[in-house]
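For reference, the structure discussed in these notes is given below.
The values are calculated or read from the model by the stated rules, or taken from the named source; none is laboratory data. What you see is a predicted model, and the numbers here were worked out from it, not measured in a lab. Counting neighbours? That spans all protein chains shown, and the Cβs are built from the backbone with ideal geometry, glycine included. With ligands, DNA and RNA removed, areas are computed over all heavy atoms of the protein, side chains included. Shrake-Rupley method; radii C 1.70, N 1.55, O 1.52, S 1.80 Å.
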Amino acid sequence: MAGNSQGSNRRASGKKGAQIGSGGKRRRGLEGKGPTPPASARKGHVKNRIANAKAKQAAARRPAPRRGGAKGTSELVVGRNPVFEALRDGVPATTLYVQQFIDSDERVREALQLATARGNINLMEAPRPELDRMTNGLNHQGLVLQVPPYDYAHPEDLAAAAFDEGVDPLIVALDGVTDPRNLGAVVRSVCAFGGHGVVVPERRAAGMTAGAWKTSAGTAARTPVARATNLTRTLEAYQKAGLLVVGLAADGEMELQDVEALNGPVVIVVGSEGKGLSRLVGETCDVRVRIPMPGGAESLNAGVAAGVVLWEAARRRS
């Protein structure tokens, strides 16, 4: 009996002792969690998977965000006349190096006046050995001008800027053009006829050097130049964006005046004067066009050819 009484007491004491509370969790667990979300928002539901797939497809159709292009390399303009002409023609510059104890003449004085008038060019005096080292022994005549790297656009930027303005893109792409003066002339023509920029290949092609800046007669400051890693792929990307790729070729299947598409979104591809369009670029073009030349000349240089086609495109768009 005693044993049973003690066991009964132990069981009773187990029920009466202090208990750890739930902190209200059980009560909150009984509360409602609001309305049931729609099937398209419930993870794992078939309608949710369909909604996610549609969102991914819509994102893929959106234009890619714009990307800045690569920068070029810095450049030195060497010699009194070249430095003076670069400053006079508005070539961007960061620093003008002047030799210590230089024999000043009219060109030196004019170069210093132009650099001072800009207000954003550093004037640095340097000993002759330092200028010799900077220029690898070139005849600098006591004046060296440092030109900053050109900030190239991305090819997508050119078409995107036109679409943002609500107009059809007009772009010139250069294939194998290696003379910076031709590039500068094309930039000038693109600016004159309302184009949206120039595309050049990253390799084996002219870049925006001081010579190109000078030939552009200042228009390079407001006409973007883009650099393409692979010109063929860049042209294909333009085609996917709805632009017609028109290549200039002496044996083109159409004459310039017969190309009605020049009043729409278009990329004009100009090849080198000697070789013309490369094979892959020529095959990528939607149409190859020839410029009638009654005078019998075999070809035009890149700057002139681009100017002729741009004029025709501008005439049709007016």
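Based on what the data block shows, is K43 part of a loop (DSSP other than H, G, I, E, B), exposed (fewer than 10 other Cβ atoms within 10 Å of the Cβ) and modelled with pLDDT of 60 or more? Yes; evaluated as a whole, the condition is true for this residue. Number of residues in the range 269-280 that are in contact with a Cys (Cβ under 9 Å, 6 or more places away or on another chain) and open to solvent by less than 10 Å² (accessible area, probe 1.4 Å): the value is 1. Residues that are among the hydrophobic types (A, V, I, L, M, F, W, C) and touching a Gly at 6+ places or on another chain (Cβ under 9 Å) within the range 102-112 comprise I102, V108, listed in sequence order.
Residues in the range 75-97 that are among the charged types (D, E, K, R) and either surrounded by fewer than 19 Cβ atoms within 10 Å (Cβ to Cβ) or over 24 Å from the mean Cα position of the chain (by Cα) (or both): R80, E85, R88, D89. Is it the case that the range 234-243 has a residue that's under 25 Å from P148 (Cα atoms) and free of Cβ contacts under 8 Å to residues at least 40 places away in the same chain? Checking the range 234-243: not a single residue is under 25 Å from P148 (Cα atoms) and free of Cβ contacts under 8 Å to residues at least 40 places away in the same chain.
Here is a yes/no grid of residues against (1) open to solvent by 10 Å² or more (accessible area, probe 1.4 Å); (2) at pLDDT below 90; (3) in a helix (DSSP H, G or I); (4) over 19 Å from V167 (Cβ atoms):
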site	(1), (2), (3), (4)
V246	no, no, no, no
A261	yes, yes, yes, no
V267	no, no, no, no
G282	yes, no, yes, yes
R288	yes, no, no, yes
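Restricting V167, V172 to those that are buried (at least 18 other Cβ atoms within 10 Å of the Cβ) and either in a helix (DSSP H, G or I) or not charged (D, E, K, R) (or both) reduces the list to V172. What about G252, is it in a loop (DSSP other than H, G, I, E, B) and in contact with a strand residue (DSSP E or B) (Cβ under 6 Å, 6 or more places away or on another chain)? So G252 passes the test.
Just checking, does the range 182-191 include any residue being within 22 Å of E75 (Cβ to Cβ) and surrounded by fewer than 16 Cβ atoms within 10 Å (Cβ to Cβ)? So far as the range 182-191 goes, no, none of its residues is within 22 Å of E75 (Cβ to Cβ) and surrounded by fewer than 16 Cβ atoms within 10 Å (Cβ to Cβ).
The single condition from (1) farther than 20 Å from W311 by Cα; (2) touching a residue at least 12 places away in the same chain (Cβ under 8 Å) that G247 fails is (1).
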